[in-house]
């Protein structure tokens with residue numbers, strides 16, 4: 001819960017899809033292993049492994065628990081935004097990351113140069129994530145990695161996503177470890193390396209990642 005309470009992010013990537021540098025034979029080999037495919041869970045969503053089997057009421061209660069105070073309440077959200085902005089401008093990476101989340105989810109309102117109000121602002125979100133990531137803040141490195149992987153707020157760049165996930169993963173960020181394992185397995189943004197994929201899945205699974213455990217089980221069941 002530590003990560004989700006801070007991020008509003010569920011980065012439970014089982015497999016990443018996109019334009020990788022792998023060869024055709026690599027793709028065929030990857031396709032032979034029955035790892036479930038899925039999209040990167042968007043910011044603000046509850047990860048599938050947390051919500052599986054829950055009723056809609058239970059999901060709503062869980063979302064309320066992992067969402068920071070102020071989401072859905074305009075007055076509280078505005079107050080939180082002001083506090084975060086002050087701390088973020090002073091260089092606090094936690095506040096910078098939190099501010100990035102608010103811009104991504106639309107809890108913070110922004111406008112274009114022409115005055116058009118934006119419901120969400122992924123470019124501004126990416127900018128704040130970048131500031132925090134540059135200070136070595138793992139959650140922000142992970143968030144920015146997701147944005148590069150999805151091509152949101154920045155030009156899609158799988159290699160950059162891998163580098164950011166690595167920086168967060170070596171700090172013990174469980175979701176970054178799972179994502180990194182998926183990218184090594186598919187060859188997205190990195191030379192395909194099943195051994196490295198397994199190592200990262202194992203690290204994430206050891207921290208309780210259900211998606212990483214499923215990935216490992218799928219690899220083992222393939223007989224490789």
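With respect to residue 148, is the statement that it is crowded, with 23+ Cβ neighbours inside 10 Å, closer than 30 Å to residue 80 by Cα, touching a helix residue (DSSP H, G or I) at 6+ places or on another chain (Cβ under 8 Å) and without any contact (Cβ under 8 Å) to a residue 24 or more places away in the chain true?
yes
Consider segment 110-126. How many of its residues are in a loop (DSSP other than H, G, I, E, B) and crowded, with 18+ Cβ neighbours inside 10 Å?
We begin by selecting, within segment 110-126, every residue in a loop (DSSP other than H, G, I, E, B); these are 112-116, 119-121.
Keeping just the survivors that are crowded, with 18+ Cβ neighbours inside 10 Å gives 120-121.
The number of residues fulfilling the criteria is 2.
Residue 91: in a helix (DSSP H, G or I) and at pLDDT 85 or above, yes or no?
no
Kindly indicate which of 170, 191 is in contact (Cβ under 8 Å) with a residue 12 or more places away in the chain and either surrounded by fewer than 17 Cβ atoms within 10 Å (Cβ to Cβ) or over 17 Å from the mean Cα position of the chain (by Cα) (or both).
Checking each option against the conditions leaves just 191.
Under 23 Å from residue 91 (Cα atoms) and surrounded by 20 or more Cβ atoms within 10 Å (Cβ to Cβ): which single residue out of 136, 153 fits that description?
It is 153.
Filter segment 102-119 down to the residues that are farther than 17 Å from residue 85 by Cβ and touching a residue at least 12 places away in the same chain (Cβ under 8 Å) and list them by number.
The answer is 119, and nothing else.
Quick one: residue 107 ticks every box in (1) over 23 Å from residue 178 (Cα atoms); (2) surrounded by fewer than 20 Cβ atoms within 10 Å (Cβ to Cβ) except a single one, so which number is it?
It is condition (2) that residue 107 fails.
The values are calculated or read from the model by the stated rules, or taken from the named source; none is laboratory data. Note that the structure is predicted; figures quoted are calculated from it, not measured. Reconstructed Cβ throughout: ideal geometry from the backbone, glycine too, with neighbour counts over all protein chains shown.
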